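Each remark here refers to the structure printed beneath this line.
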Amino acid sequence: MVRLILRKLALLIVLIPLLNAFGFFYANAFGPRRFVNAVGSLVEREAAPPFSEIYAAYLQRLLSGDFGAISRVPIPDYIRTPLNNSLALLGVALVLVVILGPLLGLLAIDRHTRRISPRAQLILTIGSALPGFFLGSVLIAVILYGSRYFWWGRGTVLPIQGFGLDAHLIIPTITLAARPVLYVAYLTAGLLEHELQQDYVRVALGKGLSWSALLRRHALPNITAPVVVAMGQSLRFLVSGLILVEALFDWRGMGRMFMQTISVSNTLRAAPIFGNAELLAFIFVLFGVLLLLADLLASIVSHLADPRLRRAVERPLA
């Protein structure tokens, strides 16, 4: 266990400066030198000095504790509110994944055949393959269609744009969590189906062990570790889908801020943070740390949940 944690932390230490350098380099080298403004004329940026010179100066400021500032506001303070907004959305979506994923996988099993039912197989296969933003677009279309033809004068049943820890949270959360939930459910159902076809299951059922006792004592403990790892992987899906979901629903979080940093808005006018290298480097590091910590947490929990992994780690090397 200690070796596992040290390897993950070593990877984190190595990747943090790489992510920082890549984000800074992207903003300076691959960021557009010119873009179209509202009237269609080209606006050129001034010629920049060599990247090595810029990055060296940035590192000197960074080592002294200066992360940069936007409109005289330090970057850590500038991103605090968007970060909290994104963490709220991620947290609620992750709770749905942890609860609904294994539950749907369990409900997909037909207790008579001990296999995945054909209907559940179809739903889980299609649902786990569809991108989240597609579901979000469908939900928006359904709500707008319903407000037009079924509940006249009442507006939309659920808000489809804007930020708020209220009804505004429902549609973005469903969109963000849908694919990870179905992914975990699909994996849970597949592992459970394989486990329930083992000889010991037939023996246990022949001796009169109930279905619930069979799942609780034997089948579920044997698939806990890979399901937990799948939940860790689903957190990667959540973080990667955060950018599109926040842009789709105008959720004021880190994903929306990332889009404003690397792209011009729909009105062809750049946001105040457009092309800010210090902010983009900070965002790259933040997303990378979040993904690596999720992987570390999933690995630790899987080792604690599966005694076979603990024995493999504790077994002395030949």
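Just so it is clear, none of the values below were taken in a lab; they were calculated from the coordinates. These numbers were taken from a predicted model, which means no experiment stands behind them. Using ideal geometry, Cβ is built from the backbone for each residue, glycine included, and neighbour counts are taken over all protein chains shown.
Some points to look at:
- For region 229-263, taking the residues that are polar (S, T, N, Q) and over 25 Å from residue 99 (Cα atoms), the one that is surrounded by the fewest Cβ atoms within 10 Å (Cβ to Cβ) is identified as 263.
Residue by residue, here is whether (1) within 24 Å of residue 172 (Cα to Cα); (2) in contact (Cβ under 8 Å) with a residue 60 or more places away in the chain; (3) assigned to a helix (DSSP H, G or I); (4) touching a Leu at 6+ places or on another chain (Cβ under 8 Å) holds:
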site: 213; (1), (2), (3), (4): no, no, yes, no
site: 230; (1), (2), (3), (4): yes, yes, yes, yes
site: 236; (1), (2), (3), (4): yes, no, yes, yes
site: 243; (1), (2), (3), (4): yes, no, yes, no
site: 283; (1), (2), (3), (4): yes, yes, yes, no
site: 289; (1), (2), (3), (4): yes, yes, yes, yes
site: 293; (1), (2), (3), (4): yes, yes, yes, yes
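Every residue, every condition in (1) acidic (Asp, Glu); (2) surrounded by fewer than 17 Cβ atoms within 10 Å (Cβ to Cβ); (3) more than 19 Å from residue 191 (Cβ to Cβ), yes or no:
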residue: 122; (1), (2), (3): no, yes, no
residue: 128; (1), (2), (3): no, no, no
residue: 140; (1), (2), (3): no, no, yes
residue: 144; (1), (2), (3): no, yes, yes
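- Identity of the residue in region 66-82, of a type in the set (Val, Ile, Thr) and surrounded by 15 or more Cβ atoms within 10 Å (Cβ to Cβ), that ends up nearest to the chain's Cα centre (by Cα): 79
- First in region 58-78 and touching a residue at least 24 places away in the same chain (Cβ under 8 Å), second anywhere and of a type in the set (Val, Ile, Thr) and part of a helix (DSSP H, G or I), Cβ under 6 Å, 6 or more apart: 67/75; 68/75
- Residue that is surrounded by the most Cβ atoms within 10 Å (Cβ to Cβ) [pool: residues in region 202-228 that are among the hydroxyl-bearing types (Ser, Thr, Tyr) and out of contact with any helix residue (DSSP H, G or I) (no Cβ under 6 Å at 6 or more places or on another chain)]: 210
- Tally of residues being under 17 Å from residue 287 (Cβ atoms) and surrounded by 14 or more Cβ atoms within 10 Å (Cβ to Cβ) across region 88-119: 5
- Annotation: of all residues in region 1-30 being out of contact with any Leu (no Cβ under 7 Å at 6 or more places or on another chain) and of a type in the set (Lys, Arg), the one that is nearest to residue 273 (Cα to Cα) is 7.
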